[in-house]
Amino acid sequence: MAETLVLLKHRDVPGIENIDIYEQHGGYAGLKKALAMERDAVINEIKTSGLRGRGGAGFPAWIKWSGIPKDTKKPHYVLCNADEGEPGTFKDRELMLKLPHMVIEGMIIAAYATQSAKGYIYIRGEFVESARSIRRAIDQAYKKGYLGKSICGKEGFDFDLYIHMGAGSYECGEESALMSSLMGERGQPRLKFPHAPLPIHEGVWQSPTLINNVETYAAASQILAHGGAWYATMGTENSKGTKIISVSGHVKKPGNYEVELGYPVLDMIELAGGVTGGKLKAVIPGGSSVPIIPAELCKDFKLDYDAHQVVQYSMRTMRLPVVGSGGFMVFNDKTDIVVLMRRTAEFYTHESCGKCTPCREGTRWIFKILSRITTGGGLPGDIDLLVNICDQIDGRSYCGLGDAAAWPIMGAIKHFRHEFEYWIEHKRSPVGEDCLPPAPEPLNPLLTLTPV
Amino acid sequence: MSEQAGYVPVVGAVAEPQPAPEKSYRFSEQAIQELEEILTHYPDKKSAILPALWIAQREYDGYLPPQAIQEVADRLERPFVEVEGVATFYTMYNLRKRGRHHLEVCTCLTCAVMGAYEVVHHLEKRLGVKVGQTTSDGEFTLSEVECLNYCGAATVVQVGDKYFGNITKENVDELIETLRNSNEFTPADLANAIVRLHIPERTAKK
Ligand SMILES: Cc1cc2nc3c(=O)[nH]c(=O)nc-3n(C[C@H](O)[C@H](O)[C@H](O)COP(=O)(O)O)c2cc1C
Ligand code: SF4
Ligand code: FES
């Protein structure tokens, strides 16, 4: 199966990041159509399209859009989540770099639909290159009258768009933490519904706030340009449209591929040129947070929001996602899954914001236990201990980061328990000396991610 | 944090007595104008803490000594501890001086399986420092970072405002040589680039 190019259709057109060339290729047509419609009709178009959030959770976009109050007693805000931090994902980076106007167009449409006068793109601090592209695009859009006062001659529709750069924190991708960060605070999440109002009623600066991912806004611009019904012809019943999948790891042609949702996992590997350096061992299909799929089960999985894996705790079963943010990582048979999980745990340990105990302590414990296993100090009960800790974190932490720290470990234990047991019993890698990534040197742990 | 298994403290980074912040301001005329522009983007002054810290990081040579934090706090009329709390939360604000080039090697999942640890070990030997340390000539600081989200080009190394992709232990020496002869890609360049990104063209000074 081939790619289905909707967002990335013009990615190779030279100069497409400039407004004139973007317009020549149908750019800002979606905005013009939207401005000729009533606000509710715009939201209805999004509803017809079946667009679901592309940031990871897959929440239907129209529900958020239509939830913004109809009155403007308080100012409304439109935020774009460009804090792409999920390991394995690099679609937002490319979208902003090559198609900045498509993202901006989607945001202007959202601003019109929600009567917002101000918007912010929160871009992670490391993404200077992509942000430069967005900066140029915003400046061009102001000159052409797509931003500023009376946009496209529409009386009463004013919209200003600002860039807010992050400063290095995965947690700021979590939407309420992003709002904290935008308000000049530490990037820690805020109290959530039902204990606090939803962001659509009280978000940033206690005002109604719409927040979506970069890819969600880009898709919205295409939906308005070509119609929601057209978009809904792609994908599956519950997961409509296309999704950009970032393929990396042991494949011949790593990169971003846009496919219809419901695309088979094995075909995805083929599309990226097949596995290199050995046979396929496992795939992490949706960013580091989703559980790993071993090679022999890949044929059963398709990339859509219905796909899930089940993991078992002592008292409960959990359904975990497959697509996530679309970070598709492929591993060949030289990969040591236990060491890989140690690195995953290291990531969550470092990125935990420290606000709640299950995640702050639990991630560290997981990392410590996996460290001792992979340096030859594993104890017989360690696997059960890991499951127990994951059980204490999953669903019991303040925000999604804690859950996301437990899921990959549970997935790995489910499918690769024998490798954990091998490490504990033999005190060396089941893959052999040349395993990837190499096990850490016992007395020289590499992690020095302390603040300096 | 340094007590955790797996964490080695960065030499000189712990329990060093901090001098009381002096009140000598260093924001240039341009920096003050940039801050004024940025303040118009938000409904309150507090929201400008992040961009203001970026300005400070540039004005103070690529890192944030206590004076820099004090200056931001004073200019935004916020308490020192609040600004300090923000500055210490985010990994890209440097609390100590970095080398002229800060090598930030991604060792997250994809990069790890594509040879990032070999690159790190090679650099440790080549530069004679451990991760987290700066070479004695002040040229390079070596760090490990989390996913830079350019995994298609693993291993990725960030230096200042630039990503270098497809780095291996074979070609990393070339990168080191290029950097030695380059005045670009410094920590202050990164801070400057980020500050400029906030400023719209119509208000920017040529
Ligand atoms: C720990 C954590 C990190 C997240 N990181 C990101 C991110 O980098 N980018 C993103 O778009 N969404 C991220 N999300 C999801 C956001 O919270 C939110 O669901 C999303 O921005 C909503 O946009 P969407 O509906 O368009 O997907 C993260 C969530 C969690 C819990
Ligand atoms: S789960 Fe808790 S400690 Fe972890 S990032 Fe979320 S709020 Fe912070
Ligand atoms: S793992 Fe290194 S850039 Fe993503």
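What follows draws every value from the coordinates through simple rules; no lab data is involved. Keep in mind it's a predicted model, so treat the numbers as computed, not measured. No Cβ is skipped: glycine too gets one built from the backbone with ideal geometry, and neighbour counts run over all protein chains shown.
Computed over the alpha carbons of the stretch A:301-355, Rg followed by Dmax gives 14.2, 38 Å. Relative contact order of chain A, taken over Cα pairs closer than 8 Å and 6 or more residues apart, is 16 percent.
For the stretch A:141-265, the alpha-carbon radius of gyration amounts to 1.35 times the rule-of-thumb value 2.2 N^0.38 Å expected for a compact globular protein.
For the stretch A:242-332, the normalised intensity computed at q = 0.16, 0.24 Å⁻¹ comes to -0.57, -1.21 (log10 of I(q)/I(0), Debye sum over alpha carbons, equal scatterers, no solvent). Around the Cα centre of the stretch A:242-332, unit charges on the Cβ atoms of Lys, Arg, Asp and Glu (plus for the first two, minus for the last two) sum to a dipole of about 280 debye. DSSP beta bridges confined to the stretch A:207-343 are antiparallel in about 85 percent of cases.
Please give the length that would be gained between A:Met315 and A:Leu198 if that part of the chain were fully extended, namely 0.36 nm times their separation in residues minus their C-alpha to C-alpha distance (nm, one decimal).
39.1 nm
Of all DSSP beta bridges confined to the protein assembly as shown, the antiparallel ones make up roughly 50%.
Based only on other Cβ atoms within 10 Å, what is the fewest-to-most ordering of B:Val156, B:Val86?
The order, fewest Cβ neighbours first, is B:Val86, B:Val156.
The coefficient of translational diffusion for the stretch B:50-103, derived via Stokes-Einstein from the alpha carbon Kirkwood radius under 10 °C and 1.306 mPa s, stands at 144 µm²/s. Between B:Asp189, B:Asp74, B:Asp44, the residue with the greatest mean-square fluctuation in the GNM of chain B (Cα pairs under 10 Å linked by springs) is B:Asp44. DSSP assigns beta bridges within the stretch A:19-232; of those with both partners inside it, close to 10 percent run antiparallel.
All distinct Cα pairs of the stretch A:25-116 go into the 1/r average, and the inverse of that average, the Kirkwood radius, is 14.4 Å. If you model the stretch B:101-183 as an ellipsoid using its alpha carbon gyration tensor, with each semi-axis the square root of five times an eigenvalue, the axes come out at 19, 13, 11 Å, biggest first.
Relative to the longest principal axis of the Cα atoms of chain A, helix A:400-426 runs at roughly 20 degrees. 3J(HN,Hα) couplings calculated from phi for the stretch A:256-273 with the Karplus curve 6.51 cos²θ - 1.76 cosθ + 1.60 (θ = phi - 60°) are, in sequence order, 8, 10, 9, 9, 5, 4, x, 6, x, 4, 5, 5, 4, 5, 4, 4, 8, x Hz; Gly and Pro show x. Largest first, the three principal axis extents of the alpha carbons in the stretch A:337-447 are 40, 27, 20 Å in whole numbers. Max-minus-min Cα coordinates of chain B on each principal axis give 48, 43, 30 Å, with the largest extent listed first. Mean partner shielding of peptide B:90-96, defined as the number of other chain Cβ atoms within 10 Å of each residue Cβ, is 6. Could you give the angle, 0 to 90 degrees to the nearest 10, between helix B:80-89's Cα long axis and the longest principal axis of the Cα atoms of chain B? It works out to around 20 degrees. What are the ³J(HN,Hα) couplings of the stretch B:146-154, residue after residue, when phi is run through the Karplus curve with 6.51, -1.76, 1.60 and θ = phi - 60°? Round to Hz, x for glycine and proline. Values per residue, Gly and Pro as x: 7, 2, 8, 6, 9, 4, x, 10, 4 Hz. Only Lys, Arg, Asp and Glu carry charge here, each on its Cβ (+1 for the first two, -1 for the last two); on that basis the protein assembly as shown has a dipole of about 920 debye about its Cα centre. Annotation: amide H of A:Leu320 within the under-5 Å range of A:Gln309, A:Val310, A:Val311, sequence separation 5 or more or interchain, hydrogens built in the peptide plane.
Between the stretch B:141-157 and the stretch A:232-259, the C-alpha centres lie 23 angstrom from each other. Scaled against the 2.2 N^0.38 Å expected of a compact globular protein of N residues, the Cα radius of gyration of the stretch A:357-411 reads 1.08. Of the residues A:Ala131, A:Leu370, A:Gln392, the one whose Cα sits farthest toward the positive end of the charge dipole of chain A, with +1 on the Cβ of Lys and Arg and -1 on the Cβ of Asp and Glu, is A:Ala131.
Looking at the stretch B:28-114, the GluC sites (Glu not before Pro) that sit in a DSSP loop and have at most 16 other Cβ atoms within 10 Å of their own Cβ are B:Glu77.
For A:Ile211, nonlocal amide neighbours, meaning residues 5 or more places apart or on other chains whose placed amide H falls under 5 Å from its own, are A:Leu79. The convex hull drawn around the Cα atoms of the stretch B:56-152, when projected onto a plane and averaged over every direction, covers 7.2 nm². Among the chymotrypsin sites (Phe, Trp or Tyr not before Pro) in the stretch A:61-126, none is located in a DSSP loop while being surrounded by at most 10 other Cβ atoms within 10 Å of its own Cβ.
Mind checking the angle between helix A:128-143 and chain A's longest principal axis? C-alpha axes, 0 to 90 degrees, to the nearest 10. Helix A:128-143 and the main axis of chain A meet at about 10 degrees.
Restricting the calculation to Cα atoms, the protein assembly as shown yields a radius of gyration followed by a Dmax of 23.9, 74 Å. Assuming charge only on the beta carbon of Lys and Arg (+1) and of Asp and Glu (-1), the dipole of the stretch A:19-232 about its Cα centre is about 320 debye to the nearest 20. The slack between A:His308 and A:Phe157, meaning 0.36 nm per residue of separation minus the straight C-alpha distance, is 50.1 nm. Inter-chain Cβ neighbour count for A:131-138, averaged per residue, equals 3 (cutoff 10 Å, partner chain atoms only).
The loop-placed GluC sites (Glu not before Pro) in the stretch B:134-192, going by DSSP, that have at most 16 neighbouring Cβ atoms within 10 Å of their Cβ come out as B:Glu139, B:Glu170, B:Glu184. Each listed q (0.20, 0.24, 0.27 Å⁻¹) maps to a log10 I(q)/I(0) for the stretch A:28-75, found by the Debye formula over equal Cα scatterers with no solvent: -0.79, -0.97, -1.04. May I ask for the distance between the Cα centers of the stretch A:44-101 and the stretch A:344-366, given as a whole number of Å? Going from one Cα centre to the other spans 27 Å. Every Cα-Cα pair in the stretch A:1-54 was counted, and those over 17 Å apart are 55% of them. Could you list log10 I(q)/I(0) for the stretch A:19-232 at q = 0.08, 0.09 Å⁻¹, which the Debye formula gives when each Cα is one point scatterer? At q = 0.08, 0.09 Å⁻¹ the computed log10 ratios are -0.24, -0.30.
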